[in-house]
Amino acid sequence: MSTTQVPYFAFRDYPAGIDQQVEEALLGALRSQQYILGEAVEQFEGEFATYVKAGITIGVGNGYDALVVALKAAGIGAGDEVIVPANTFIATVNAVVQVGAIPVLAEPDRHTCNLTATEAAAHITSRTKAIIPVHLYGQACEMDGLMALAQQHQLVLIEDFAQAQGASYKGRPVGGFGRVSATSFYPTKNLGALGDGGAVVTSDPELAAYARMYRNYGQQQKYHNQIVGINSRLDTLQAAVLRIKLQHLDAMNGERQRLAQVYLTALQGIGDLVLPVTATGCTHVYHIFNIRSRQRDALQLHLSAQGIQTAIHYPVPVHLQEAYTWLGYGKGNFSIAEELAETSLSLPLFPGMTEAEQGAIIANIQTFFERHG
C-alpha cells in the first residue's frame with residue numbers, strides 16, 4: 001500500500017477564504033492600535049455570549065485561567081471539594097488546586113467517556129461545593145441530571161467546554177447550562193485563536209462583574225483595586241481572529257461531523273474497535289475522534305509506519321500522575337479511566353481533511369485488523 005502522509009491535525013483554508021478574512025481582521029486590529037482590551041475584545045465577548053445563549057462573556061488569557069477565574073468568581077476556595085471527571089486534561093484539575101480547593105475524581109461513563117449525574121452523586125459530601133462536567137472530545141454531557149443534582153445539593157455547576165464549542169444538549173448550546181462556564185481558544189480547538197485565549201461565560205451579573213475585575217488586577221477603574229486580581233486578558237488580536245472564526249464555527253463543526261460519520265460507517269464492526277457513542281439529546285462536534293482497541297499501541301505503530309499521525313488522549317489518567325500522588329489514589333481506583341488511558345487512540349479529523357487522507361486511514365486500519373484479528 002502506498003504511503004500517504006496524513007497529519008494528526010493541520011490548519012487548512014476551510015471554509016475557503018477564511019485565511020484571508022483572518023489576515024484582514026488582524027490588520028484591522030493592528031491598525032486600531034488598541035492592543036489591550038481593544039474594541040474587538042468587547043465585540044467578540046458580545047457575539048460569543050449570543051452564540052452560547054448566555055448573558056455575558058469575559059475574555060481571558062487562556063483556557064486554564066478561564067477555569068481559575070470561573071472557580072474564583074463562584075466563591076470556590078480553601079478546603080472546598082470539587083467533583084471532576086477522572087479522565088480529563090490536567091488543566092481542569094490543576095485549576096481546582098490553584099484556588100485552594102480539593103479535586104474529587106469521579107469515573108466517566110464507559111460509553112460516552114463523560115461525567116454523569118449518577119457517578120457524581122456518589123462523591124458528594126458535606127464539603128462538596130461544585131461539580132465540573134467536562135464536555136470531553138466534543139460531546140455534550142447529559143446536563144439535566146447534573147443540573148438537578150447541583151440544585152438538590154446547592155452546588156455550583158461549572159462547565160468546562162474547551163473541547164465542545166458549538167455542541168448542544170437538547171437543542172441548547174453547551175456553556176450556558178452552568179452557573180459559570182469556562183472555555184479555551186487554543187489554536188487546535190474547534191474555535192481556535194492564533195495563540196492562547198479563553199473565556200468565562202455566565203448569566204449572573206455579579207459573577208461576571210467579579211470575573212471582569214479579577215482578570216484585570218482586580219480593578220474596574222485603573223489604579224483602584226477592589227480585590228486582589230490577576231492579569232489575564234484576551235488579546236485584542238486574538239479577539240479579532242475569533243470574531244471571524246466564530247462566524248464559520250457551525251460550518252467547521254458540520255464538516256467535522258461529516259468526517260466523523262465517514263469513520264463511523266467505514267470502521268463499524270472491525271476487530272475489537274470501540275467507536276464513539278453519542279448519548280440521546282446530545283450532539284458531538286468531534287474535537288477529538290476517539291477510538292478504542294486493546295491493540296492500541298500496535299495499531300498506532302502500524303499507522304505511523306504508513307505516515308499516518310495519531311494522538312493519545314490521555315495516556316496517564318489524573319490519579320496516576322506524579323503530581324497527584326497526594327490525593328492518595330492508586331492503580332485500580334478508577335478502572336474505566338484507566339481502561340480509556342490504555343485503549344484510546346485519536347484519529348486525524350479536522351476541517352479541510354481530504355477524502356484521500358481519510359481513505360488511507362480507513363484502509364490502513366482495515367489492513368491492520370485483517371492481519372491481527
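Quick look at the values:
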{"item": "Fully extended contour minus Cα-Cα distance, from ALA356 to VAL262, at 0.36 nm per residue", "result": "32.6 nm"}
{"item": "Surface share of carbon and sulfur [accessible, 1.4 angstrom probe, percent] for the chain", "result": "50"}
{"item": "Over the stretch 208-304 - Rg/Rh using Cα atoms and the Kirkwood inverse-distance radius", "result": "1.23"}
{"item": "Note, ³J(HN,Hα) from phi for the stretch 247-252, Karplus 6.51, -1.76, 1.60, rounded to Hz, x at Gly and Pro", "result": "4, 9, 4, 5, 5, 5"}
{"item": "The stretch 300-353 - Debye-derived log10 I(q)/I(0), Cα point model, q = 0.14, 0.16, 0.29 Å⁻¹", "result": "-0.51, -0.60, -1.10"}
{"item": "Heavy-atom surface of the chain, accessible at 1.4 Å and reported per residue (Å²)", "result": "42"}
{"item": "Cα-based reach from LYS72 at 18 Å (exclusive), listing aspartates and glutamates while leaving out same-chain residues under 8 positions away", "result": "ASP80, GLU81, GLU159, ASP160, ASP204, GLU206"}
{"item": "Gyration tensor verdict on the stretch 215-373 (Cα atoms; rounded if a/c is under 1.5, prolate if a/b is larger than b/c, oblate otherwise)", "result": "oblate"}
{"item": "Two-site FRET efficiency, ALA305 against GLU339, from Cβ-Cβ distance with R₀ of 30 Å, rounded to 0.05", "result": "0.70"}
{"item": "The stretch 38-164, Rg to Rh (Cα coordinates; Rh as Kirkwood inverse mean 1/r)", "result": "0.97"}
{"item": "Per-residue [θ]222 nm for the chain (sum of -39500 (n - 2.57) over DSSP H runs n ≥ 4, rounded to 500)", "result": "-12000 deg cm²/dmol"}
{"item": "Label-point separation in nm, ILE227 to ILE312, each point 7 Å along Cα→Cβ", "result": "4.0"}
{"item": "Exposed-site-free run, longest, the chain (rule: trypsin sites (Lys or Arg not before Pro); DSSP loop; at most 16 other C-beta within 10 Å)", "result": "223-293"}
{"item": "Phi-based couplings in Hz for the stretch 29-46 (Karplus 6.51, -1.76, 1.60; Gly and Pro marked x)", "result": "5, 4, 6, 5, 6, 9, 7, 10, 6, x, 4, 4, 5, 4, 5, 5, 4, x"}
{"item": "Diffusion coefficient, µm² s⁻¹, Stokes-Einstein with Kirkwood Rh over alpha-carbon pairs of the stretch 16-100 at 4 °C and 1.567 mPa s", "result": "83"}
{"item": "Violating pairs (Cα-Cα greater than 32 angstrom) within the set LYS129/LYS189; LYS245/LYS331; LYS129/LYS245", "result": "LYS245/LYS331; LYS129/LYS245"}
{"item": "Dipole in debye (nearest 20) - the chain, about Cα centre, beta carbon charges: Lys, Arg +1; Asp, Glu -1", "result": "300"}
{"item": "Rh by Kirkwood over Cα pairs, then Stokes-Einstein D for the chain at 1.002 mPa s and 20 °C, µm²/s", "result": "101"}
{"item": "Label point distance in nm, GLN98-LYS170, each placed 7 Å from Cα along Cα→Cβ", "result": "3.2"}
{"item": "Inter-site label distance for ASP144 and TYR217 at 7 Å from Cα along Cβ, in nm", "result": "4.9"}
{"item": "Whole-angstrom Cα spans of the stretch 181-264 along principal axes, big to small", "result": "55, 26, 18"}
{"item": "Simple Cβ-charge dipole of the stretch 61-156, Lys/Arg +1 and Asp/Glu -1, about Cα centre, in debye nearest 20", "result": "220"}
{"item": "Rounded to whole Hz, the Karplus (6.51, -1.76, 1.60) HN-Hα couplings of the stretch 74-90, x for glycine and proline", "result": "7, x, 7, x, 3, x, 5, 9, 10, 7, 10, x, 6, 10, 7, 5, 4"}
{"item": "Magnitude of the charge dipole, the stretch 1-108, Cβ model with Lys/Arg +1 and Asp/Glu -1, debye to 20", "result": "140"}
{"item": "Full-stretch length increase - THR188, PHE9 - with 0.36 nm per residue and alpha-carbon distance subtracted", "result": "63.7 nm"}
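The values are calculated or read from the model by the stated rules, or taken from the named source; none is laboratory data. Predicted model only: the values in this text are computed from it and were never measured. Neighbour counts run over all protein chains shown; Cβ positions are idealised from the backbone, glycine included. Accessible surface areas use protein heavy atoms only, side chains included; no ligands, DNA or RNA. Shrake-Rupley method; radii C 1.70, N 1.55, O 1.52, S 1.80 Å.
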